[in-house]
């Protein structure tokens, strides 16, 4: 992965993780705050319920006291003390008084619990009230169930005693605890109060659950909570899922409502909707996603810009380094900053500058050395024939002066020698001339194995020259060698030079190996000998023109090899160790279509 | 043929001196003269009536028109029948002046009164009477013969005169969708279900009514009627049976009938299994009719286990109406009630709910579970007015209203034994549990004079006259 991409990924990941972390922290804090606020609201609502409960209780007590102190109640109590009352006279009495006092329930009951008049159930006259009378009349209001036992109504009731004579008359009045009562509670937004009427041992019944608007749909979902409160008789909180939508979830705080005999008559449920929290959480998530997305886009842009700023000098350095590797030693980078990258660029420029100077110096040195070597070789090559020429000419002059009779004979012999040496000079000059005029390759399809076999056949006789130790020639040619694009004459000359070079390296005889192989793109030819080998220094200078480690030769053979191979787009290398022979390896591209023929 | 029911002055042709003395005394005590004048019938004025019934049609032959006293009383104002029944249930002439039947009581002949006209001016003829009766009784063969109408029945009909006294057999004339009767009042304004204004007919065959007109406000509940009476906006109102006692106690002028309306529980189906019989009997035995009557209905009726009231049938006491919880529980012993019996009632009747609740409590004491409902039910609380003072006709009409099979009387006998046997058979079927017979009552302003509420609750408004406001005050 490129440095820029890595940098970009690191930036984006950092931004994402930061946003996610912030979102998680904010979400957790929000939840904690919401739950704290929820708990406070629930507590406040429960307190409000209890206040309202007490206030209404006091009101009920006051109204029942008013009824108990009324003339009607006194008259009824008097009648009661005179025997069994005439129920017909009181059929509507309780109803009328209840309407006057705005009581939902009102009953007049004798000390045996017999109902004399009932507002809520006028037909129950003469029947027993199911209320458990105790010796002490409760002072405060209390919860009571009214109506049929299978479908009772929860009432906030009070009882007062009318004492006229020996038989007291009890006045039991109350107001309904129902949805209207719940509706009277001032609830904060998102909260509601529910009331469940507990009916004896009957399991949870949805119809007994109501809120301020009436029956609660899907009431079965809180059955478990109700049953838990019924079992434990203590306040319980539970999260209720009303639907698959988490926003419909509601935290319900259940408070048991007990009657006078501590029996569970109802359960108040304070519900707190999770919708605000869920919506807030959704908003946080949305905002986080938005911020994260925007942050990531910004991060990408910024990191792209920053990475560009950081990597552009690096890339330029890399480009310059590649140019240097490709031979352009004059490659320079622009120094755009004064930071470490700027210093690096400046150092690179200094390095290439130094390298260029050193190269120029080296080239100059090598050029001088080459000229010297050339001069030395020329001097050496030319000195050898010149010296016999000088001796021959001096012989001729001496013979003309000292032995004119033998001058003709000596002239003839000297002329032959002069011509031979002049010819030798011409040969030397032509070789140098030939090197300077290396022809351009004429490319065509060439089977390298055939070229190698031809060369081997050409030198077969010289390898076994009588009087010389024999050299064994081994051909290790690759099967199905594919033809390559090359100049067959030049290739022949290259291999010939290498074979000659190998033969010169094995004056004591040895093994000459010609090996060919190939891969998808290149063909390889190796020429190995088992001669004395070369030192590393010799290997370095081996392809320098006019350099030779031999006592004879012009030093142009391997230079020509390198020149031809280079003209074919290939390269030649040597590996050798002193005493272990030398191997020249030529690597040629199979397809030389890019070369101009 | 002016009927004057109040006091009139009797002048002795023999005691002229007495007359002179009387005139002298009258001259001396003008106050006494004024008081006497106030008791004289007085023509004029509008009688304002409020009623709970809100009929949408004035046609007395329509279905259900006789199920409410209000409708029946309206019918008598605008329509006449051939026969009327007196307080003893005896047929009396009305549009028919006389009648006679063959011994088999299958063929009857009624002589039509002469000189009567419908409210639209058309003369009443035997043809018109026959057409009117035929329209209501398609199974009868009704013929006109001169000034008489002949009715032939498929079987003996000894109580045909009483049947002809039913409101549905009112004689009326239909033309162009309008109906016209021969009654004492004619319609001047009709707002169906809300208001009816009637004007007295000057040419009524029995004499012009004293009052000029009657304004009837309909659809008023008992509470609103009582307020209207208290505020002087109504002269006559209906009083619910359970308010009879209280209304009387509030110094109101209240007139009531004999117990004439049956309150009963009616099973919608016959017995479906062998358990139904004991259950129905247990229910009948568990109901405390006395408490229902005395407390819930404020003695507005009489407890009864019979369909017909004692004062009509004479044998109602034979059917025990007391509570027998022990026997009721014994009946239910070993029986398992699969589901509560639903007990329906008219939710528009405020008293019905209390009655039903009391019955539920009574049944519960016996171990029977009843479930009150205002919808469809196994058992319904009904109130059916008896439409005739003739016991046989009343029982027959009652079974029609209750949806029970008609009673089977023995031939053309009109005996009490047959009546008892027929009623006993009906009760043995256990389709109906009689509870009470209720009275109907009306509360009146003091200015309403000569009010006579018949034993069956019928009004006789043509005889009523309005006194001068304040004349009765000392």
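Return the FRET efficiency for the residue pair residue A:13, residue A:186: r is the Cβ-Cβ distance, R0 is 41 Å, and the value is rounded to the nearest 0.05.
Working: r = 50 Å, r/R0 = 1.23.
FRET efficiency, residue A:13 to residue A:186: 0.20.
Multiply the residue gap between residue A:544 and residue A:436 by 0.36 nm, knock off their C-alpha separation, and tell me the result in nm, one decimal place.
Value of the extension gain: 37.5 nm.
Based on C-alpha coordinates, I'd like the Rg and Dmax of chain B, in Å.
When restricted to Cα atoms, chain B yields Rg and Dmax of 24.8, 88 Å.
Evaluate the distance, in nm, between pseudo-label points positioned 7 Å from the Cα of residue B:178 and of residue A:96 along their respective Cα→Cβ axes.
Output for this residue pair reads 4.9 nm.
Once the Cα gyration tensor of chain A is found, what semi-axes does its equivalent ellipsoid get, as square roots of 5 times the eigenvalues, in whole Å, sorted largest first?
For chain A, the ellipsoid semi-axes come out as 132, 25, 16 Å.
Can you give me the Rg/Rh ratio for the protein assembly as shown, using Cα atoms for both radii and the Kirkwood formula for Rh?
1.55
Along the Cα→Cβ direction, 7 angstrom out, place labels at residue A:223 and residue B:311. What is the inter-label distance in nm?
Calculated label separation equals 6.0 nm.
Work out, step by step, the length gained on full extension between residue A:360 and residue A:264: first 0.36 nm times the residue separation, then minus their alpha carbon distance; give nm to one decimal. Walk me through the numbers before you get to the answer.
Details: separation 96, 0.36 × 96 = 34.56 nm, distance 10.80 nm.
That works out to 23.8 nm of additional length.
What ratio of Cα Rg to 2.2 N^0.38 Å holds for segment B:358-422?
Computed over Cα atoms of segment B:358-422, the ratio equals 1.52.
What is the spread of the Cα atoms of segment B:172-239 along each of their three principal axes, largest first, in whole Å?
Taking the Cα atoms of segment B:172-239, the three principal extents are 38, 28, 17 Å.
Shielding of A:86-92 by partners, i.e. mean partner chain Cβ atoms within 10 Å per residue?
Neighbouring Cβ atoms belonging to other protein chains average 5 per residue here.
Take segment B:132-284, compute every pairwise Cα distance, and split them into 10 Å bins from 0; I just need the percent in each bin.
Taking every Cα pair in segment B:132-284, the percentages come to 8, 21, 25, 26, 16, 5, 0.
Which percent, to the nearest 5, of DSSP beta bridges fully inside the protein assembly as shown are antiparallel?
Antiparallel bridges: around 90 percent, rounded to the nearest 5.
Provide the descending list of Cα extents for segment A:443-552 along its principal axes, expressed in whole angstroms.
The Cα atoms of segment A:443-552 stretch 38, 33, 22 Å along their principal axes.
May I ask for the Rg/Rh ratio of segment A:302-420, computed from Cα atoms with Rh as the Kirkwood radius, given to two decimals?
That ratio is 1.63, to two decimals.
Quick check: residue separation of residue A:46 and residue A:289 times 0.36 nm, minus the Cα distance between them. What number comes out in nm?
Result: 83.6 nm gained on full extension.
For the pair residue B:223 and residue A:280, how long in nm is the line joining their label points, each one 7 Å along Cα→Cβ?
Placing both labels 7 Å beyond Cα along the Cβ direction yields 5.0 nm.
Sorted from largest down, what three extents in whole angstroms do the Cα atoms of segment B:385-474 have along their principal axes?
Largest first, segment B:385-474 extends 58, 28, 19 Å along its Cα principal axes.
I need the semi-axes of the equivalent ellipsoid of segment B:205-290: take the C-alpha gyration tensor, multiply each eigenvalue by 5, square-root it, list largest first in whole angstrom.
Each semi-axis is √(5λ); the values are 40, 18, 13 Å.
How many angstrom separate the Cα center of segment B:262-284 from the Cα center of segment B:75-110?
38
Quote the Stokes-Einstein diffusion coefficient, in whole µm² s⁻¹, for segment A:71-110, based on the Kirkwood radius over alpha carbon pairs, a temperature of 10 °C and a viscosity of 1.306 mPa s.
It comes out at roughly 150 µm²/s.
If you build the convex hull over the alpha carbons only and average its shadow over all orientations, what do you get for segment A:42-151? Give it in nm² to one decimal.
About 8.1 nm², averaged over all directions.
Give the average, rounded to an integer, of partner chain Cβ atoms located within 10 angstrom of each Cβ in B:242-250.
1
As I understand it, the value is the acute angle between the Cα axis of helix B:276-286 and the longest principal axis of the Cα atoms of chain B; what does it come to in degrees, rounded to 10?
Taking the Cα atoms of chain B, the angle to B:276-286 is about 60 degrees.
Cα centroid distance between segment A:36-58 and segment B:424-456, in Å?
The two parts, judged by their Cα centres, are 57 Å apart.
So for segment B:149-198, Kirkwood radius off the Cα pairs, Stokes-Einstein at 10 °C and 1.306 mPa s: how many µm² s⁻¹?
116
What FRET efficiency, computed as 1/(1 + (r/R0)^6) with R0 = 30 Å and r the Cβ-Cβ distance, is obtained for residue A:394 and residue A:367, rounded to the nearest 0.05?
That pair, residue A:394 with residue A:367, gives E of 0.20.
Using alpha carbon centroids, what distance separates segment B:314-381 and segment A:219-288, in Å?
Distance between centres, Cα-based: 43 Å.
Determine, for B:451, B:459, B:190, the number of other Cβ atoms within 10 Å of each Cβ, and report the residues in order from fewest to most.
Lowest to highest Cβ neighbour count: B:190, B:451, B:459.
Hey, with R₀ at 35 Å, roughly what FRET efficiency would residue B:446 and residue B:117 work out to, going by the Cβ-Cβ distance, to 0.05? Write out the running numbers ahead of the final one.
Working: r = 36 Å, r/R0 = 1.02.
E(calc), rounded to 0.05, equals 0.45.
Using only Cα atoms and rounding to the nearest 10 degrees, what angle (0 to 90) does helix A:557-567 make with the longest principal axis of chain A?
40
Per residue of B:290-296, how many C-beta atoms from partner chains lie within 10 Å of its own C-beta, taken as a mean?
4
Which residues among segment A:255-288 fall inside the zone where the amide N is under 16 Å from a point 7 Å beyond the Cα of residue A:234, along Cα→Cβ?
The answer is A:255-257.
I'm checking a number: the convex hull volume of the Cα atoms of segment A:218-285, normalised per residue, in Å³. What is it?
76
All of the numbers you see were taken from the coordinates with simple rules; none came from a lab. Only a predicted model underlies this, so the values are computations on that prediction, with no experimental measurement involved. With ideal geometry, Cβ positions are generated from the backbone for all residues, glycine too; neighbour counts draw on all protein chains shown.
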